[in-house]
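Bear in mind that the values in this text are calculations on the coordinates, not laboratory data. None of these values were measured; they are calculated from a predicted model. Backbone-built Cβ (ideal geometry, glycine too); neighbour counts: all protein chains shown.
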Amino acid sequence: MMRFSELLNRRYKLFLLLCILCMILLDLVVILARPLDLTEGGSSTWWMITKNLENGNGYKACDEAYVPNCMLTDQTTAIREPLPVLIYALLGTMTNNAPPAFQLTQLAFNLLICWLVFLLTQELGGRALGVIAALAWSVFLPTLRMEAHISGDLIAGSLVAAGTLFLVRAVKHGGLGQWIGFGFMFGLAVLSRSSALLIAFALFLGTLIFLWAQKKRFEKQWMIGLIVSGLALGLTVSPWVIRNQIAFGKPILGTTLVGYNLYRHNAIVMKEVFPHYVGSDEGYREIEALVARIPELQTPINEARVDAIFRREALRVISANRGEYLELVLFRFFPLWFNVGVLEQYGQEMLVLDYFVIAQQALLLVAFLIALWKGNWFLRMLALSVPFFMLGYMAIDSQLRYMIPAMPLVVSVSVIGVSSFFTRRPQ
């Protein structure tokens, strides 16, 4: 084991190059096998907004499957976070909207995550473990499906990894710049996938508790660092919140699809059906029935009001069916971690790749639990942000791709956890 560790330390650049080559090869195979259609599937709403920005029409989109009767409004939207849209609009302008350019951009962010996983794990457990974590990410199969559409998941994943790296360095080495980096990177992550705020909050609270436990008191430099990081995050997301206040009369931090998803994926608790992922066809029928019952949804109201109505009706359903809802929440762990039952709801068959994904996720789950058991308290603090993040999705809607922003942290923590069987303690 020691000789292998020494080899990884000495030849780490070679191993990182192998990681890059492996990822490029696997992703290019997917890109060639599954050309990107920007108008279909998960890409469509991102593409609507991107195209309108490119054409000078503003941040607008209309998909009545998500926002009923949006054709009656000016189509000002907040159904998608702004940072990925801005990146895709810039890319589209530069490449004349060539689909391969969008797929290669996804690959670029995936490569960036690999590098950040190496740096984060190296900071936590040394260079050899950093190389192992990078190797693990280079064969992380769920990212291959991300090449089939554009989204904010890989962008958010890279920013969460960068923000966590800044946090680890801030705790280990100090420095106001590191604390600012922590807040700024997570602010950008929230502008890519608003659920990243759950990880940021858990890490902020966990760091506060961890630092207090170290000396049983709050030291001035720590409190200043945490306050500055919170301000950096708040200032980073503030333009989006202010824009939504102006556009909708409501300071929306994330998107206007929370209410839609809360109702679509939880309305089944009113029925005597086994818990399952709600696909687009079934979801459309649930939303259509709701619109028919509520006259206000048939009028030209803005997205914020639509979102509020969906939330209100969803909470009524959940409140009246608490036991069934709890069963559904617990069930959602399986589609969220393993993607079980998701593809079938979209009329797709499980491929050999998907069975390998399930096996890989099972191994990662075991390794992650080992990290919680064997790791030091700082590692546990980082790790516990992941189940907090997961609970946010399990309460509403879950599938594996939603885990992408948190998976760099999962891989890093898992590698260090498993290494604890062979070494005394991670650094």
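Simple point charges give the picture: +1 on the Cβ of Lys and Arg, -1 on the Cβ of Asp and Glu, and for region 151-249 a dipole about the Cα centre of about 340 debye.
Relative to the Cα centre, the charge distribution of the chain, modelled as +1 at Lys and Arg Cβ and -1 at Asp and Glu Cβ, gives a dipole magnitude of about 2120 debye.
Taking GluC sites (Glu not before Pro) across region 202-305, the ones in a DSSP loop with at most 14 further Cβ atoms lying within 10 angstrom of their Cβ are E219, E272. Legend: ranking of residues C114, C62 from fewest to most surrounding C-beta atoms inside 10 Å; resulting order C62, C114.
Taking 7 Å steps out from each Cα toward its Cβ at L330 and C22 produces label points 3.7 nm apart. Taking DSSP loops as anything outside H, G, I, E and B, show the longest stretch in the chain free of chymotrypsin sites (Phe, Trp or Tyr not before Pro) there with at most 10 other beta carbons within 10 Å. Segment 1-420 is the longest. By the Cβ rule of 4.7 Å, the chain holds the following cysteines without a possible disulfide partner: C19, C22, C114.
A 28 angstrom limit on the alpha carbon distance is what I want to check against. Which of K51/K250; K250/K271; K172/K374; K13/K220; K13/K172 exceed it?
Check vs 28 Å cut-off fails for K250/K271; K13/K220.
Does region 151-249 classify as rounded, prolate or oblate by the C-alpha gyration tensor (a ≥ b ≥ c root eigenvalues; a/c under 1.5 gives rounded; else a/b over b/c gives prolate, otherwise oblate)? Prolate, since a/c reaches 1.5 and a/b exceeds b/c. With the biggest extent put first, the Cα atoms of region 188-325 measure 57, 38, 22 Å across the principal axes. Among S44, S158, S280, the order by Cβ neighbours within 10 angstrom, fewest to most, reads S280, S44, S158. Restricting region 4-61 to GluC sites (Glu not before Pro) that sit in a DSSP loop and have at most 11 other Cβ atoms within 10 Å of their own Cβ leaves E40.
Using Cβ contacts closer than 10 Å as the measure, can you line up K172, K220 from fewest to most?
Result, fewest neighbours first: K220, K172.
Using 1/(1 + (r/R0)^6) with R0 = 51 angstrom and r between the beta carbons of N9 and Q298, what's the FRET efficiency to the nearest 0.05?
0.20
Under the convention that each Lys and Arg Cβ holds +1 and each Asp and Glu Cβ holds -1, the size of the dipole of region 69-172 around its Cα centre is about 340 debye. Histogrammed with a bin width of 5 Å, the alpha carbon distances of region 240-293 distribute as 4, 18, 22, 17, 11, 14, 9, 4, 1 percent, first bin at zero.
Mind checking which helices in the chain clear 27 Å along their axis (Cα) and have mean Kyte-Doolittle hydropathy of 1.6 or more, DSSP H runs only? Counting only whole DSSP H runs, the qualifying helices are 12-33, 196-215, 352-374.
A simple spin-label model places pseudo-atoms 7 Å from Cα toward Cβ; at I224 and F421 they are separated by 4.5 nm. Between A108 and V352, the contour length at 0.36 nm per residue exceeds the Cα-Cα span by 85.3 nm.
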